[in-house]
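Note sheet for the following structure.
The values are calculated or read from the model by the stated rules, or taken from the named source; none is laboratory data. Quick caveat, the model's predicted, so the values are computed rather than measured. Note: ideal-geometry Cβ built from the backbone for every residue, glycine included; neighbour counts use all protein chains shown. Side chains included, ligands, DNA and RNA excluded: accessible areas come from the protein's heavy atoms. Shrake-Rupley method; radii C 1.70, N 1.55, O 1.52, S 1.80 Å.
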Amino acid sequence: MSTDQHSGLPFMKMHGLGNDFVVLDGRARDIAVSEGLAVALGNRRTGIGFDQLALIESGDDGADARLTFWNADGSLSAACGNATRCIARFLMDETGRDRLHLVTGRGDLYAVDAGQGLTSVNMGQPQLEWDEIPLAEEMETLELPIEGAPTATGMGNPHCTFFVDNAETVQLDQFGPRYEHHPLYPERTNVQVASVIGPDHLRMRVWERGAGLTLASGSSSCAAAVAAARRGLTGRKVRVDLDGGTLWIDWQEDGVWMTGPTTHVCDGVITPDFLGGVA
């Protein structure tokens with residue numbers, strides 16, 4: 001919560017392909033985000049509503065900014081690819097620069113202006129070992145001992161990717177929660193169902209841990225692309241069609257690059273009355 005109890009708290013609403021965010025700018029004022037504040041703001045009926053809440057803070061050691069993310073249930077997330085792209089675009093527009101160094105719980109991420117209104121972020125190297133993702137016990141991550149033999153991948157947060165004949169027909173509102181809380185994932189997991197359309201093309205739908213059904217997910221798109229390449233289903237550069245639109249993923253030597261559009265919807269102010277009622 002803002003340290004100034006007598007004024008409201010400015011926010012920005014952004015989205016990447018319908019994966020939506022409330023963004024707080026803490027570079028000029030101290031903002032302490034609690035789990036209670038994240039939950040209250042994340043309620044789509046009594047708050048603002050978002051898939052993730054993001055806080056921008058001043059960077060250090062040469063970084064342009066530090067980003068911290070919370071899910072709608074108040075839990076922290078080390079990575080949020082689409083929010084990182086949205087904020088990178090905002091900071092590029094603000095500074096006139098076309099390249100940024102950002103620090104997240106995932107580590108150092110680099111963003112570039114990809115032209116034509118698109119923004120790219122290098123989400124880092126995927127985590128492929130069981131203890132990095134993490135899983136509950138040592139095992140091969142390419143095909144988990146779960147019905148459907150999904151692939152486990154870490155992108156700073158855990159992912160479980162199922163390759164199915166038709167992603168459209170999966171009842172994800174039932175399927176997603178079942179695997180989000182699977183005992184193999186001690187920190188829960190994001191769940192993707194993906195269909196291979198071609199050697200460089202996936203159709204994917206996403207259930208995000210702590211947020212539920214979402215129209216898109218950047219880190220999930222990276223994880224699914226990595227899983228598909230590891231299994232020989234696609235190359236390392238793929239188009240990923242999500243419910244909210246398309247992302248382009250390129251698994252290069254220096255990390256997994258994600259490119260797509262962003263939208264800055266509006267700016268607003270959270271009232272002191274609302275802030276005062278947050279536990």
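Observations on the structure shown:
- Candidates 278, 196, 206: the one that is at pLDDT below 95 and of a type outside the set (D, E, K, R) is 278.
- Among (1) in a loop (DSSP other than H, G, I, E, B); (2) closer than 22 Å to residue 123 by Cα, the one test that residue 248 misses: (1)
- Residues within region 108-124 that are within 16 Å of the chain's Cα centre (by Cα) and open to solvent by less than 50 Å² (accessible area, probe 1.4 Å), tallied: 8
- Scanning region 218-244 for residues that are small (Gly, Ala, Ser), in contact with a helix residue (DSSP H, G or I) (Cβ under 9 Å, 6 or more places away or on another chain), part of a helix (DSSP H, G or I) and more than 11 Å from residue 17 (Cβ to Cβ) gives 219, 220.
- Subset of region 185-232 [open to solvent by 10 Å² or more (accessible area, probe 1.4 Å), farther than 21 Å from residue 44 by Cα and aliphatic (A, V, I, L, M)]: 196, 197, 229
- Candidate set: region 109-154, residues that are touching a Leu at 6+ places or on another chain (Cβ under 9 Å) and among the small types (Gly, Ala, Ser); chosen: the one nearest to residue 184 (Cα to Cα): 136
- Residue list for region 11-49, filter: open to solvent by less than 10 Å² (accessible area, probe 1.4 Å), touching a residue at least 60 places away in the same chain (Cβ under 8 Å) and within 15 Å of residue 265 (Cα to Cα): 14, 16, 19, 21, 23
- Of residues in region 125-140 being surrounded by fewer than 22 Cβ atoms within 10 Å (Cβ to Cβ) and not acidic (Asp, Glu), the one nearest to the chain's Cα centre (by Cα): 125
- Any hit, region 99-111, residues being touching a residue at least 40 places away in the same chain (Cβ under 8 Å) and charged (D, E, K, R): yes
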